[in-house]
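J.: Okay, here's the structure, questions in a sec.
The values are calculated or read from the model by the stated rules, or taken from the named source; none is laboratory data. The structure presented is a predicted model; accordingly, all values stated were derived computationally and were not measured. Here Cβ is always computed from backbone atoms with ideal geometry, including for glycine, and neighbour counts include all displayed protein chains. These area figures cover heavy atoms from the full protein model, side chains too; ligands, DNA and RNA do not enter into them. Shrake-Rupley method; radii C 1.70, N 1.55, O 1.52, S 1.80 Å.
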Amino acid sequence: TRKTFSTDHLTRSHSLQLVSYLIKYTMTQQQQEDGCFPRITASSLSDGSLRGTIVSLVGKIVANDGAIWTVQTADGTTVPVEVGEENTPPPCHFLEIMGAVREDGSKKVDFFIARELGDDFDMDIYREMLKIQSNPKFGALFGPTAGLARSV
């Protein structure tokens, strides 16, 4: 069975942070499809194009200083994830983190929620899926309308 983290564990500060991002997106009309977040690796943050974007980050925690988890992603590079002192890492090796890329250029991700992916998640296969997803020939298969019936 797949375990998921419930939103019940979100602290007040994380909830306020999420609301703040959502209000900002609405006010600036920077639209991001509900429930559709770019799947990224740490190296995806290098050009700054994802600043302020809510993203999905899959990897494993390789360091934890309490408030910041260092997550190694499928490309082998790491990204710092600001989680706050009140969050403890899950007991599994691999997880998916949803959060927002900082706008200050620091290449940090602000944590919203995480989902356990277990101890035997195959990062090589995931990395290959990311390559296919970024190929323009197949990109539509992974977008917000993927799998929806289209009228002809």
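J.: With all protein chains present, how much of the accessible area of segment 39-135 (probe radius 1.4 Å) comes from carbon and sulfur, to the nearest whole percent?
T.: For segment 39-135, the apolar C and S fraction of the accessible surface comes to 49 percent.
J.: Here is a further query. For segment 40-50, what does the Karplus curve 6.51 cos²θ - 1.76 cosθ + 1.60, with θ = phi - 60°, yield as ³J(HN,Hα) per residue in whole Hz, taken in order and with x for Gly and Pro?
T.: Per-residue couplings from phi come out as 10, 10, 4, 5, 5, 8, 5, 8, x, 6, 9 Hz.
J.: Leaving out ligands and nucleic acids, note down the accessible area per residue over segment 39-135 with a 1.4 angstrom probe, in whole Å².
T.: Computed with neighbouring chains in place, this is 45 Å² per residue.
J.: Ordering Leu117, Leu45 by how much accessible area each has at a 1.4 Å probe, largest first, what is the list?
T.: Output order, biggest surface exposure first: Leu117, Leu45.
J.: Expressed as a rounded percentage, what relative contact order does segment 39-135 have, with Cα pairs under 8 Å and six or more residues apart?
T.: Relative CO of segment 39-135 lands at 27 percent.
J.: Separate question: Rank by packing, highest mean first: peptides 50-61, 120-131, with packing defined as the count of other Cβ atoms within 10 Å averaged across residues.
T.: Taking the mean over residues of other Cβ atoms within 10 Å, the ranking is 50-61, 120-131.
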